[in-house]
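The values are calculated or read from the model by the stated rules, or taken from the named source; none is laboratory data. Quick caveat: nothing in here was measured; it's all calculated off a predicted structure. As a convention, Cβ positions derive from the backbone with ideal geometry for all residues, glycine included, and neighbour counts pool all protein chains shown.
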Amino acid sequence: MYAYIKGFVRDIESNYIVVDNCGIGYLIYTASPYSFDLDKEYTVYLYQHVREDEISLYGFKTIEEKDLFLRLTSVKGLGCKMALPMLATGSVDGIVDAIEKENILYLKKFPKIGDKVARQIILDLKGKLTKSSNEVNPKSNELLDALKSLGYKNADINKVVKQVDSSLELEDQIKESLKLLLK
């Protein structure tokens, strides 16, 4: 699993970018490819989607976009190819507000999102998306990814991360988290 990639954007197409990292070009599907500039270095937060017949990378400029994308793809009937256009045409805060306020009309404005899927999004995500959970610094997201890769459950990780001093270096944060998880 990839957390992010740092590299230069070498190609921009209608639904993806190619990021050059150490001489390897990674094709990354993104909601807004034209928001990137050619030959400029970016950190792109990644989600690797694996299916029987396909392995794809989805990229996001912010960790908040990635988190919302992952939440949206957890909804029954809403896959990666439906969630990505939602991020392209709507803001993270706008989508979260629509879900919390049960604004079905706002959700139905997105491509391929009908009444049934909009209601399912609200049913599955209302109350689970708070603005405070979106306001996380990148270092703590790296910490979350590191602990997930070690096999810990999200519920356990979330309890521990709140107790760890965020001013520490990532390696020290991981050590502190592991001490708390083993108690």
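Every residue in segment 171-183 that is within 15 Å of Asp145 (Cβ to Cβ) and either touching a strand residue (DSSP E or B) at 6+ places or on another chain (Cβ under 6 Å) or surrounded by fewer than 14 Cβ atoms within 10 Å (Cβ to Cβ) (or both), please.
Listed by number, the list holds a single entry, Glu171.
Sort out which residues of segment 42-86 are assigned to a strand (DSSP E or B), buried (at least 18 other Cβ atoms within 10 Å of the Cβ) and small (Gly, Ala, Ser), and write them in order of number.
Answer for segment 42-86, where residues must be assigned to a strand (DSSP E or B), buried (at least 18 other Cβ atoms within 10 Å of the Cβ) and small (Gly, Ala, Ser): just Gly59.
Scan segment 99-119 for residues that are part of a loop (DSSP other than H, G, I, E, B) and either farther than 14 Å from Ala83 by Cα or not aliphatic (A, V, I, L, M) (or both) and report the count. Break it down stepwise before answering.
Start the filter on segment 99-119 by keeping residues that are part of a loop (DSSP other than H, G, I, E, B), which leaves 101-103, 109-114.
Applying the additional criterion that residues be either farther than 14 Å from Ala83 by Cα or not aliphatic (A, V, I, L, M) (or both) yields 101-103, 109-112, 114.
The number of residues fulfilling the criteria is 8.
Starting from residues that are buried (at least 18 other Cβ atoms within 10 Å of the Cβ) and not hydroxyl-bearing (Ser, Thr, Tyr), keep the ones in segment 19-33 and report whichever is nearest to Ser56 (Cα to Cα).
Step by step, filter segment 19-33, then rank; the result is Ile28.
Any residue at all in segment 125-143 that is farther than 23 Å from Ala31 by Cα, of a type in the set (S, T, N, Q) and at pLDDT 80 or above?
no
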